[in-house]
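What follows is a single structure, written as structure tokens, with notes after it.
Just so it is clear, none of the values below were taken in a lab; they were calculated from the coordinates. Predicted model, so just to flag it, every value in this text is computed and none were measured. All Cβ positions, even for glycine, are placed from backbone atoms using ideal geometry, and neighbour counts span all protein chains on display.
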Amino acid sequence: MIISERIFALLAQKGISQKEFSQLTGISQSTISDWKRKKTNPASDKIMNICDVLRISPYDLLSGAEGDGRRELDYIMIDKDSRDYTIIEKLRAKDDSFSERVLGYIEALETIDQEKQG
């Protein structure tokens, strides 16, 4: 499935019309129609805006990685000045064993909290 086909499948799934999608993205209706009619893909500079409107990650849109065992999450926008963004970026910079240790620490803290409450 090409990218534009994924976009139209997502529009149908989410009940968004081409006109509404055009208004939300600022992409002309004729351009969107061309994707469908000519089976072409959107320009790369439009991908992030499309993903924001459809609430999916660029990875999911570009790869079509459905059914590969990954948990499907809503695409979440995180402010770059937020603590969440800082945490995620620090985790991404580390290897898998570091992330596993962090998860273990979080689970231990949750257990301690549960014991305090119970």
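At 30 Å minimum axial length over the Cα atoms and a Kyte-Doolittle cut of -1.0, report the qualifying DSSP H helices in the chain, or say none. Don't jump to the answer; show the numbers that get you there.
Working: long enough: 96-117 (32 Å, -0.68).
TM-like helix candidates: 96-117.
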Dipole size in debye (nearest 20) for the chain around its Cα centre, Lys and Arg Cβ +1, Asp and Glu Cβ -1?
-> 720
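So for the stretch 3-63, considering every pair of alpha-carbon atoms, how many percent are separated by more than 18 Å? Spell out each step's value before the answer.
Values: 379 of 1830 pairs.
When all Cα pairs of the stretch 3-63 are counted, 21 percent exceed 18 Å.
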Given the C-alpha centroids of the stretch 23-59 and the stretch 76-118, what is the distance between them in whole angstrom?
-> 33
Among trypsin sites (Lys or Arg not before Pro) in the stretch 4-40, those in a DSSP loop whose Cβ has at most 10 other Cβ atoms within 10 Å are 39
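Express in % the proportion of alpha carbon pairs of the chain at distances exceeding 26 Å. Mind dumping the intermediate values first?
Working: 2741 of 6903 pairs.
That fraction is 40 percent.
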